[in-house]
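Here the structure is laid out as structure tokens; the discussion comes afterwards.
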Amino acid sequence: MPRVTLETLPDYARFLIAAAEGAAGQFPVRRAVHLPGLELIAHLDPGALADALGQAFIEAEGDPRDSRQCRVFIGHPGIGDMPEPASWGDAHFTEHGFARKLAEAGLRGHHYHDLDFWQVYDPDRRIGVQLMRSPAAFPPWEQGAPLRAFLHWEYAARGMRLAHAGTLGLDGRGVLLAGAGGAGKSGTVVAGLLNGLDSVGDDYVLIDLSGGVTAQPLFSILKQDPPGFARLGLERRLGTDRPLNWQGKHAFHIHEIAPRPVRESLDICALLVPHVSGGKTSSIAPISRKDAIIALAPSGIAQMPGERESGFRFFSDLTRLLPCYRISLGSRPEEIAGTIADFLVRSAR
Amino acid sequence: MPLSDVYAVAGRDIVFESFDGEAVVLDLSNGKYFGFSDSGSKVWQALSSGVGTEELIRSAAARIDAAAIEAFITQLVEFGLLAPSSATPLPSSDDLPAALAAASEPLNVSVHDDLADLILVDPIHEVEEPLGWPAVKQVS
């Protein structure tokens, strides 16, 4: 089994891209996904990942002529002359050192050691490779938000960003909900959707700072742990016969509970940091931007490979552009949604 | 630990931003965030821009005692945010004493590392003699 070291990493990344291009005609399936300003063309095998690509995204309806195209080859040694994935050969590995070495060569990448799962991307040529040991040798989170690392690199190269944040909106204006797991972000998004508010997504949304702060949808997946699923009335609405995901959570799609088709974007007017208060009613109070960015940035940066400094600068700019609040969440979903709806109406005046 | 005459940001992995006068520092190498109180932000701003330690202690004398500043600097060095520098100490800005006097919070820096890299320790399970890449095929 070949091993890659920090020294040989850029050459290995280029080797993978060349190998995929050489085998381009032998990938059985071609999937096109239309996202904001981007046509993502994936070449891969039939199977779970191909199915995920057909289900996981909220596709954009804009004119595809306004889109740039990027290509990602999702391969394994069973396709053409695609190589066996290499293992990491240095005694030490840090995500930051790995990303920096590739960035110095104009490349991006990620390596998941347990599976020798590689993702490399050339942002100048907009071409990437995901190399796996076998067709199903991918991390369990890949199906919920497939190819998110490639989207992260491509949009970061354009000065945009995937933010780990939820969204809720009314009449085209919305709020970002930011916070670590367990803070109540996802439950708040579902509560809003079930009570008439819009959302362009939870977990990962695309943020653009040109012309104000806008959020656009990418992924359609929503998740709830079983207690939240029951509390929000989703057992009755969606049933419980689907298998739980790798986190033991119920996974479902935004269109299954949204009151209307998902909007193309929301103009974001505030950053809300949710907090499960234990009280009966919800309330919204200002917090410092310092506290807001510490809620927003760490998960968005740590969950995405590379682009750490640019991410910190981006989320800093985002935080400065928005008023920031803490929302103390009450216990009833409709009351939480009503509090946010009232906030959006008042802030529009 | 004896204090240096002057300090500098500890390396290119230490990046920081200011939000309404409050500093947030990120250590890119490990994903840790550091949030500074208002007085801590003024001290960070001064030290990271090369203001001399003695000058800083003098400027802060009306609001913060020297021992507190020394302990704070020691903490920032231990966190890997500042390192002793051989540069010539710079004078503080004229408004630093007033800014410190106006601060309402004690010197403090909080660490946020819930999501910091979990892979600083070696994640490799079986590194033996690496072949390296590309592996040169042996001619038999």
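The numbers here are math on the coordinates, done by the rules we state, and not lab data. Because the structure is a prediction, the values reported are computed rather than measured. Neighbour counts run over all protein chains shown; Cβ positions are idealised from the backbone, glycine included.
A few notes on this one:
- The distance linking segment A:9-31 with segment B:61-104 is 53 Å (Cα centroid to Cα centroid, whole angstrom).
- The Cα atoms of segment A:3-158 define a convex hull whose projected area, averaged across directions, is 8.7 nm².
- With distances taken between every two different alpha-carbon atoms, segment A:162-348 has a Kirkwood hydrodynamic radius of 16.4 Å.
- Prolate/oblate/rounded label for segment A:299-349 (Cα gyration tensor, a/c 1.5): oblate
- Dipole-positive endmost among B:Ser93, A:Ser331, B:Gly40 within the protein assembly as shown (Cβ charges, Cα centre): A:Ser331
- Cα gyration tensor, chain A - rounded (a/c under 1.5), prolate or oblate: prolate
- Nonlocal amide H pairs with B:Val6, under 5 Å, H built at 1.01 Å: B:Thr53, B:Ser85
- Scalar couplings 3J(HN,Hα) for segment A:47-55, obtained by applying the Karplus form with A = 6.51, B = -1.76, C = 1.60 to θ = phi - 60°, are x, 4, 5, 4, 4, 4, 5, x, 10 Hz; x denotes Gly and Pro.
- Ranked B:Trp44, A:Trp118, A:Trp246, criterion: other C-beta atoms within 10 Å, fewest first: A:Trp246, A:Trp118, B:Trp44
- Segment A:82-99 and segment B:38-57 have Cα centres spaced 40 Å apart.
- Cα-centre dipole for segment A:3-158 with unit charges at Cβ (Lys and Arg positive, Asp and Glu negative), debye to 20: 200 debye
- When the Cα positions of A:Ala18, A:Ala50, A:Ala60 are compared along the charge dipole of segment A:16-67, A:Ala18 comes out farthest toward the positive end, with charges on each C-beta of Lys, Arg, Asp and Glu.
- Sorted peptide list for A:189-202, B:9-22, criterion being average Cβ within 10 angstrom, highest first: A:189-202, B:9-22
- Neighbour-count order for B:Ser110, B:Ser39, fewest beta carbons within 10 angstrom listed first: B:Ser110, B:Ser39
- Put a plus charge on the Cβ of each Lys and Arg, a minus charge on the Cβ of each Asp and Glu, and nothing anywhere else: the dipole of the protein assembly as shown about its Cα centre is then about 1300 debye.
- For segment A:162-348, size of Cβ-based charge dipole, Lys and Arg +1, Asp and Glu -1, in debye: 380 debye
- Couplings for segment A:245-257, taken from phi via the Karplus curve 6.51 cos²θ - 1.76 cosθ + 1.60 with θ = phi - 60°, read 7, 5, 8, x, 10, 6, 10, 8, 10, 4, 5, 6, 10 Hz in order; Gly and Pro are left as x.
- Residue among A:Leu238, A:Leu40, A:Leu177 with the largest mean-square fluctuation in a Gaussian network model of chain A, springs linking Cα atoms under 10 Å: A:Leu238
- Ordered by the number of other Cβ atoms lying within 10 Å of each residue's own Cβ, fewest first, A:Ser87, B:Ser41, B:Ser86, A:Ser134 fall into the sequence B:Ser86, A:Ser134, A:Ser87, B:Ser41.
- Across chain A, Cα pairs under 8 Å and at least six residues apart give a relative contact order of 16 percent.
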